[in-house]
Amino acid sequence: DVKVTQSSRYLVKRTGEKVFLECVQDMDHENMFWYRQDPGLGLRLIYFSYDVKMKEKGDIPEGYSVSREKKERFSLILESASTNQTSMYLCASSPGRPPDTQYFGPGTRLTVL
Amino acid sequence: GENVEQHPSTLSVQEGDSAVIKCTYSDSASNYFPWYKQELGKRPQLIIDIRSNVGEKKDQRIAVTLNKTAKHFSLHITETQPEDSAVYFCAASKSNTGKLIFGQGTTLQVKP
């Protein structure tokens with residue numbers, strides 16, 4: 001059974017703080033993804049990674065960066081948090097190309113004050 | 001760029017009725033179309049998917065149809081039950097990438 005875990009379920013940070021969100025998957029998946037989920041906007045892709053140390057921008061990468069030093073771990077970094085980054089952040093992983101099922105983590109509800 | 005439009009944004013049906021959610025996509029090279037269900041407070045989970053070499057796929061009470069010419073695909077849920085109440089997302093992808101483009105989501109409410 002695929003397990004994708006995220007470091008926190010709820011997080012409250014102040015404007016300007018550096019924020020780290022971590023995601024870990026235990027199924028040796030090649031691909032990992034970070035999304036943000038906002039009402040009425042669906043799931044929007046921030047960044048994704050096909051392999052260790054590889055990353056590609058998604059649709060809304062501004063204000064975010066990522067790190068993938070190990071295959072099972074994909075981190076999302078908010079360099080200087082802003083109030084408009086208050087959102088639900090979802091991590092996902094999938095086996096590889098061609099496209100296949102993405103398995104999601106439980107999500108992190110981030111509030112930036 | 002690539003885009004997926006999903007309608008309606010909310011849908012309310014009586015238990016036992018059918019529900020249909022429709023999506024259109026912009027990239028004609030898309031060839032993988034999954035549907036995810038997200039119950040309140042939970043993570044999205046795949047419920048059914050279809051690839052472009054197939055026009056329809058069924059799994060018990062749910063079915064997905066694909067019209068590649070018109071670039072749209074639909075989710076059909078028959079004999080709806082209260083536990084079908086959730087947010088449903090469609091998505092589209094191409095074979096050279098694992099990246100999914102998601103629709104905006106449909107909140108389905110099934111009234112007992």
| message | Take the residues in region B:21-36 that are surrounded by 15 or more Cβ atoms within 10 Å (Cβ to Cβ) and farther than 25 Å from residue B:80 by Cα; name whichever of them is modelled with the highest pLDDT. | response | B:25
| task | Look at residue B:18 and say whether it is touching a His at 6+ places or on another chain (Cβ under 9 Å), of a type in the set (S, T, N, Q) and open to solvent by 20 Å² or more (accessible area, probe 1.4 Å). | result | yes
| query | Do we find a residue being within 14 Å of chain A (Cβ to nearest Cβ), crowded, with 18+ Cβ neighbours inside 10 Å and among the charged types (D, E, K, R) anywhere in region B:87-103? | reply | yes
| Within region A:61-89, which residues are in contact (Cβ under 8 Å) with a residue 60 or more places away in the chain and within 14 Å of chain B (Cβ to nearest Cβ)? | A:89
| note | Quick count over region B:37-46, residues being surrounded by 14 or more Cβ atoms within 10 Å (Cβ to Cβ) and touching a residue at least 12 places away in the same chain (Cβ under 8 Å), is 4
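The values are calculated or read from the model by the stated rules, or taken from the named source; none is laboratory data. Predicted model only: the values in this text are computed from it and were never measured. Positions of Cβ are backbone-derived with ideal geometry, glycine not excepted, and every protein chain shown enters the neighbour counts. The accessibility values were calculated without ligands, DNA or RNA, using every heavy atom of the protein model including side chains. Shrake-Rupley method; radii C 1.70, N 1.55, O 1.52, S 1.80 Å.
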